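J.: Please see the structure below; I have some questions.
Any read-out appearing in this document is the output of simple, stated calculations on the displayed coordinates, not a laboratory observation. Everything numeric in this text was worked out from a predicted model, so none of it was measured. All Cβ positions, even for glycine, are placed from backbone atoms using ideal geometry, and neighbour counts span all protein chains on display.
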Amino acid sequence: MSSTWVVVSVVGAATVAFKGLGPVVLGGRSLPPALGGIVSMLAPALLAALVVTQTVGGARELVFDERLLGLGAAVVAIVLRAPLLVVVVVAAAVTAAARAF
Amino acid sequence: MTGSPSPYREGARRAAAIAPAVFVFGVSFGLLAQTAGMGALASIVMSATTFAGSAQFAALSVLGSAGGIAAAATAAILLNARYVPIGISVAPVIEGSLWRRLLEAQLVVDESWAFSRRRDGTYDRGVLLGAGLVLYASWNGGTAVGAFGGEALGDPEVLGLDGAFAALFLALLVPQVRSRRALAAALLGAAIAFVLIPFSSPGVPIIAASAACLVGWRRA
């Protein structure tokens, strides 16, 4: 088996297991209250981390580039209560425009 | 739950906002996989089974730079480890036989997960699956187009699409921050990710940031 297929198989199997673990073990049951309280805070914690890594994340370095301007435009769109599609398109357009100059 | 349009359709509708960007990234993954010598079939199988863009690009970049099998697999696995806590969070609404739960869980990606969260903190299975299916089709369709030598629709970076995902996650985050506790979790998660980015492999900052959800701990 070539190295490519080793990586594809190992990563694929690991990801299927990661995604499936919770639903397979705990599927359909409500979480214990202590765990439920913690898990309910996962969304704000992870989404905020994703905003950071998608905006300034690089390969072991912080990269401050046009994505920051795109995010700034998104903030304005969100404050103006724009629909999700508009927020996303505005951010991409501003990122692209800033990069073009 | 209001009975209005079916939750599947609602999930598909929400996912449509980001599906074109996911498709273009899928095309570029398919194309890059060929330049990295991965082979069309391997790139298509990877998108179908791993279904997580950031991890696939990470594995590809390491493979392409002759960084070794272990390094490529480790990078991708670290990036996808966040799906353990994410899977636990949606587990209460994923029901049915073991195989069905395992299969439905595969449609969980950051975006479908975030779309499916209700204001009360529970998750909507229909929205999760509807959004997940649209994103799955976009990502895999894009990969196939790129893998079979489809012309680039454009460089995702020139199109600014790398700036679209932060905007999406921010737009999905804002309505979640409805309590001091949620605000604390968000700020702490962001701070942990920011501080760790320069010192760790991609993926580690996100896993570490998930520890910020411990602010939700309370005595049972």
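J.: Quickly run through the range B:42-56 and pick out the residues that are within 9 Å of chain A (Cβ to nearest Cβ) and in a helix (DSSP H, G or I).
T.: Start the filter on the range B:42-56 by keeping residues that are within 9 Å of chain A (Cβ to nearest Cβ), which leaves B:42-43, B:45-46, B:48-52, B:54-56.
Result: B:ALA42, B:SER43, B:VAL45, B:MET46, B:ALA48, B:THR49, B:SER54, B:ALA55, B:GLN56.
J.: Something else: Of everything in the range B:80-122, what is of a type in the set (Phe, Trp, Tyr) and either in contact with a Leu (Cβ under 7 Å, 6 or more places away or on another chain) or crowded, with 21+ Cβ neighbours inside 10 Å (or both)? Give them in sequence order.
T.: B:TYR83, B:TRP113, B:PHE115
J.: What residue, among those in the range B:158-199 that are more than 7 Å from chain A (Cβ to nearest Cβ) and not in a helix (DSSP H, G or I), is farthest from the chain's Cα centre (by Cα)?
T.: B:SER179
J.: What is the number of the single condition among (1) under 27 Å from B:ILE197 (Cα atoms); (2) facing chain B (nearest Cβ under 7 Å); (3) part of a helix (DSSP H, G or I); (4) touching a helix residue (DSSP H, G or I) at 6+ places or on another chain (Cβ under 7 Å) that A:ARG60 does not meet?
T.: With (1) under 27 Å from B:ILE197 (Cα atoms); (2) facing chain B (nearest Cβ under 7 Å); (3) part of a helix (DSSP H, G or I); (4) touching a helix residue (DSSP H, G or I) at 6+ places or on another chain (Cβ under 7 Å) applied to A:ARG60, the lone miss is (3).
J.: I would also like to ask the following. Can you go through B:ALA171, B:ALA185 and tell me which one is buried (at least 23 other Cβ atoms within 10 Å of the Cβ), of a type outside the set (Lys, Arg) and closer than 14 Å to A:GLN54 by Cα? Spell out how you get there, then give the answer.
T.: Values: B:ALA185 fails: closer than 14 Å to A:GLN54 by Cα.
Result of the check over B:ALA171, B:ALA185: B:ALA171.
J.: Do you know which residues across the range B:96-146 are closer than 23 Å to B:VAL174 by Cα and of a type in the set (A, V, I, L, M, F, W, C)? Working first, answer last.
T.: So the first thing to find is which residues in the range B:96-146 are closer than 23 Å to B:VAL174 by Cα, and the list is B:108-132, B:135.
Residues satisfying the conditions are B:VAL108, B:VAL109, B:TRP113, B:ALA114, B:PHE115, B:VAL127, B:LEU128, B:LEU129, B:ALA131, B:LEU135.
J.: Exactly one of (1) part of a helix (DSSP H, G or I); (2) at the interface with chain B (Cβ under 7 Å from one of its Cβ atoms) is unmet by A:LEU31. Its number?
T.: Tallying (1) part of a helix (DSSP H, G or I); (2) at the interface with chain B (Cβ under 7 Å from one of its Cβ atoms), A:LEU31 fails exactly one: (1).
J.: Among the residues of the range B:93-131, write down those that are without any contact (Cβ under 8 Å) to a residue 40 or more places away in the chain, under 23 Å from B:ILE206 (Cα atoms) and touching a Lys or Arg at 6+ places or on another chain (Cβ under 7 Å).
T.: Correct list: B:ALA105, B:VAL108, B:TYR123.
J.: A further question on this structure: May I ask you to list the residues in the range B:110-126 that are among the β-branched types (Val, Ile, Thr) and over 15 Å from B:ILE88 (Cβ atoms)? Let's see the steps before the verdict.
T.: Going residue by residue through the range B:110-126, those that are among the β-branched types (Val, Ile, Thr) are B:122.
Passing the criteria: none in range.
J.: Further question on the same structure: So, in the range B:111-127, exactly how many residues are within 17 Å of the chain's Cα centre (by Cα) and not in a loop (DSSP other than H, G, I, E, B)?
T.: 9
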